[in-house]
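Inspection log for the structure reproduced underneath, given as structure tokens.
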Amino acid sequence: MARVVVTRRLPEGGVDPLLAAGHDVAENEGDVAFSQPELCAAAADADAMVCLLTDRVDAEVLAAGAGRLRVVANVAVGHDNIDVAAATERGVAVCNTPGVLDETTADLAFLLILAASRLAGDAERDVRAGRWPGWGILQYLGRDVHGATLGLVGFGRIGQAVARRASGFGMNVVHHTRRDTGLPGYVATLDELLAASDVVSLHVPLTPATHHLLDADRLARLRPTAVLVNTARGPVVDEEALAEALESGRLFAAGLDVYEREPEVHPRLLAAPRTVLLPHIGSASQATRTRMARVACEGVVAVLRGDQPPNLVSAGSSTSRGDGS
Ligand code: DGY
């Protein structure tokens, strides 16, 4: 029996795979992330850790777990909160939750495409604040989604799920990835895609190469009538530059679910016009969050058994140990 620490409360039934495998599960019953010292202490006392994207599993945390910790499973598909290189160096396997959140996240990306294009955020805020003077033919004149060109930056599972929705809405869909997908709608350069799109939706992981991928220069390549949607990771966009583009009217609208310094939101974005802001809820349906928790826990069970799970980001030595301990 291995000791598995779960760093923050999970949806009901989320840890069932760990319990079914007979592991000793130490759950943080609170819905507040551990501090770094608490995370280090947790790592020092565990064979496995199930963590969330609010946990920074850095070299220090991994060092605290040295000698015992065998696997870290993130309840998210993104894993930029984990120092995967440091984990690999220490022989600690890293798992995530690919596949189970694509449709739910694509639903939310499409919600933002519609809401930002049709200025639903500004309109809703006015209704609630009693600022709506009654119907007017010049009010809240948004951009049509049907017939518009959607440019997808990144064309993995979530990007493709957004493309399916967009086709149903009568959009023309193009995509850009670093490697040619060979699929219809592929655009060879990001700049070309930005210039050709009415709506741009981001679906790339956060890596050193995608940090501020949309900086002031790239934002300037967007049409002044364009809408930008980000459900990927906040730092993919330079928020200061985005706020400036919205304020000056060089960009029509933005729909954001992720931010550079969560939970902080750039004050200029909070005040920016034609902007819909959501609190990182891309995968937030009851069913999907529960599946994510289970997939992460299943990864832990497999690694502790000595098997290679399908949701392995990087293998530590534990996955080839095969000792079932
Ligand atoms: C992820 O999985 O990376 C999302 O941001 C949270 O669901």
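Rule-based calculations on the coordinates, nothing more; no lab input. Everything numeric in this text was worked out from a predicted model, so none of it was measured. Here the Cβ is made from the backbone with ideal geometry for all residues, glycine too, and neighbour counts use every protein chain on show.
General remarks:
- Taking only the C-alpha atoms of segment 102-277, the Rg (one decimal) and the largest Cα-Cα distance, Dmax (whole number), read 15.5, 51 Å.
- Angle between the chain longest axis and helix 286-305 axis [Cα atoms, degrees, rounded to 10]: 30
- Residue-by-residue Karplus 3J(HN,Hα) for segment 212-217, coefficients 6.51, -1.76, 1.60, Hz, glycine and proline x: 6, 4, 9, 9, 4, 4
- Between V75 and C51, L52, L53, the built amide H atoms are under 5 Å apart, and every one of these is 5 or more places off in sequence or on another chain.
- Cβ-to-Cβ counts within 10 Å put L183, L193, L251 in ascending order as L183, L193, L251, the fewest first.
- Longest to shortest principal axis, alpha-carbon extents of the chain, angstrom: 69, 48, 32
- Sequence of M49, M171 once ranked by neighbouring C-beta atoms within 10 Å, starting from the fewest: M171, M49
- Built amide H within the under 5 Å cut-off of S314, gap 5+: V94
- Residue exposure sequence - H176, H79, H280, H211 - by fewest surrounding Cβ within 10 Å: H211, H280, H79, H176
- When the chain is treated as a GNM with alpha-carbon contacts under 10 Å, the residue of D217, D55, D198 showing the greatest mean-square fluctuation is D217.
- Integer Hz, Karplus 6.51/-1.76/1.60 couplings in order for segment 55-72, x for Gly and Pro: 9, 9, 8, 9, 4, 5, 5, 5, 5, 4, x, 3, x, 10, 5, 10, 8, 10
- Taking the C-alpha atoms only, the angle from helix 239-248 to the longest principal axis of the chain is near 10 degrees.
- Inter-centroid distance (Cα atoms) of segment 12-70 relative to segment 145-213, Å: 36
- Between helix 157-168 and the chain: long-axis angle, C-alpha atoms, 0 to 90°, nearest 10: 30
- For segment 195-289, the percent of C-alpha pairs falling in each 10 Å distance bin, counted from 0 to the bin holding the largest distance, reads 17, 52, 26, 4, 0.
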